[in-house]
Structures are given as C-alpha cells and as structure tokens.
C-alpha cells in the first residue's frame with residue numbers, strides 16, 4: 001500500500017477544513033467573494049496543493 005497518497009489526501013483535507021473554518025468563523029469580516037465557501041475553499045485548496053508540491057520535493061510527485 002502506497003502511504004504517500006494517503007498523506008497527500010490527509011494534507012488536502014486539512015487545507016479544505018482550514019478554508020471552511022476561515023469562512024465559518026471570519027465570514028462576516030471578509031470582503032464579498034471571500035465570505036463564500038464556494039470561493040474560499042477551492043482557493044485555499046489550490047494554494048495548499050502548491051505549498052505541498054513545493055515544500056516536499058522528495059515526494060513521489062517529483063521523481064529523481
């Protein structure tokens with residue numbers, strides 16, 4: 001069983017939950033497009049995927 005894909009799935013789930021929490025707890029303080037879950041969660045997931053790919057170059061995504 002390849003544990004790397006499980007680690008990526010858990011990592012992306014954490015980013016998705018973080019985006020949801022940003023909207024849920026700070027939604028009234030955010031400007032218009034950022035206070036909607038449909039906008040904020042995909043943006044946070046995209047940024048999280050970028051951070052994951054850049055910060056873990058030894059993962060299977062970047063074979064040597």
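Summary of values
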quantity	calculated
So residue 42, is it modelled with pLDDT of 90 or more and either surrounded by fewer than 14 Cβ atoms within 10 Å (Cβ to Cβ) or within 10 Å of the chain's Cα centre (by Cα) (or both)	yes
Filter pass, residue 31 being modelled with pLDDT under 85 and either part of a loop (DSSP other than H, G, I, E, B) or out of contact with any helix residue (DSSP H, G or I) (no Cβ under 9 Å at 6 or more places or on another chain) (or both)	no
Residue among 56, 62, 20 that alone is at pLDDT below 90 and within 17 Å of the chain's Cα centre (by Cα)	56
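The values are calculated or read from the model by the stated rules, or taken from the named source; none is laboratory data. Not measured: the values here are computed from a predicted model. No Cβ is skipped: glycine too gets one built from the backbone with ideal geometry, and neighbour counts run over all protein chains shown.
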